[in-house]
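Values quoted throughout were computed directly from the atomic coordinates according to the rules given, and no laboratory measurement underlies them. The structure presented is a predicted model; accordingly, all values stated were derived computationally and were not measured. FYI the Cβ positions are ideal-geometry reconstructions off the backbone, even for glycines, and counts take in every protein chain you see.
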Amino acid sequence: MSPSGVILYGPPGSGKDTVTAELCRLRPEFALFERLKAGPGRTTGYRLTTAQHIEELAQAGEVLYRNSRYDAEYAVDRGEVSALVDAGRIPVLHMGQVAGARAVAASPINWVRVLLWCPEEVTRQRCKGRGDKDLDARLKVWHETRQDLLDHAEEPWSLVIRSDQVSAAQAAQAIDEARLAGVLAEVRDIRGLVA
């Protein structure tokens, strides 16, 4: 079987961390891809670096995608994706922009592209529950993610999962089954989902 990976796209609080933890419990080959991060905020799940280092990687053609959010800069670097795949791992990437999901999906791996969704109130409750100190910023990003989806309604997804309606374990099982079956990404009607 050729190398595979998982792209989890969704707003804050949609369950990317929780589903990733379940994927890793389900199958030890799954591994969170830790994006490069330069700037303030959360440090868990990132490889901390400088904006200059990200720029140097970008100039060398080593960045699959980069973005700025929460006063920080983030990057998905080709080398780390390759290192995980070469080690027999299945990288799980967390994305917050459709452009990022599209850019990463262009790399030569069989990607399972998963749209994780939850209503704004669920994001609010989950962010409060985990102690996010920047709740207003997270809710703003929820609205930006919704608009991003509406602006890219023709974007293909392998799976669309309402994380407030299925457990993280069920979501992980569905993702792994889609990966094993080689489910192709296809355009799905997401307008009713995010309305």
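For a quick check, take a GNM of the chain with Cα springs below 10 Å and name the residue from ALA105, ALA172, ALA72 with the largest mean-square fluctuation. Among ALA105, ALA172, ALA72, the largest mean-square fluctuation in the Gaussian network model of the chain belongs to ALA72. In the chain, taking the dipole from charged Cβ atoms about the Cα centre, the farthest positive-side position among LEU57, ALA101, THR44 is held by THR44. Note on GLU29/ASP136: beta-carbon distance plugged into 1/(1 + (r/R0)^6) with R0 of 41 Å gives a FRET efficiency of 0.60.
Extension gain for ALA60 to LEU193 (0.36 nm times residue separation, less C-alpha to C-alpha distance): 44.0 nm. Cβ-Cβ distance of ALA153 and GLU120, R₀ of 25 Å, FRET efficiency by 1/(1 + (r/R0)^6): the value works out to about 0.85.
Under a Gaussian network description of the chain, with springs only between Cα atoms under 10 Å, the residue in GLU80, GLU55, GLU22 that fluctuates furthest is GLU55. Amide H to amide H distances under 5 Å link TRP157 with GLU186, VAL187, ARG188, where only residues 5 or more positions off or on other chains count and H is placed in the peptide plane.
Determine the shape class of the chain: with a ≥ b ≥ c the square roots of the Cα gyration tensor eigenvalues, call it rounded for a/c under 1.5, and otherwise prolate if a/b is greater than b/c, oblate otherwise. Taking the square roots of the gyration eigenvalues as a ≥ b ≥ c, the chain is rounded. Peptides 175-183, 148-156 ranked from most to least packed, by the mean per-residue count of other Cβ atoms within 10 Å: 175-183, 148-156. Would you please give the residues with an amide H less than 5 Å from that of ASN110, counting only those at least 5 places away or on a separate chain, with H modeled from the backbone geometry? Under 5 Å from the amide H of ASN110 lie the amide H atoms of SER4, GLY5, each far enough along the sequence or on another chain.
Distance from the alpha carbon centroid of segment 126-195 to that of segment 34-96 works out to 21 angstrom.
From its DSSP helices (H runs of at least four residues, each -39,500 (n - 2.57)), the chain gives a residue-normalised ellipticity at 222 nm of -12500 deg cm²/dmol.
Defining a contact as two alpha carbons under 8 Å apart and six or more residues distant in sequence, what relative contact order in percent does the chain show? Over the chain, the number comes to 30 percent.
Taking a ≥ b ≥ c as the square roots of the eigenvalues of the Cα gyration tensor, segment 117-194 is oblate, since a/c reaches 1.5 or more and a/b is not larger than b/c.
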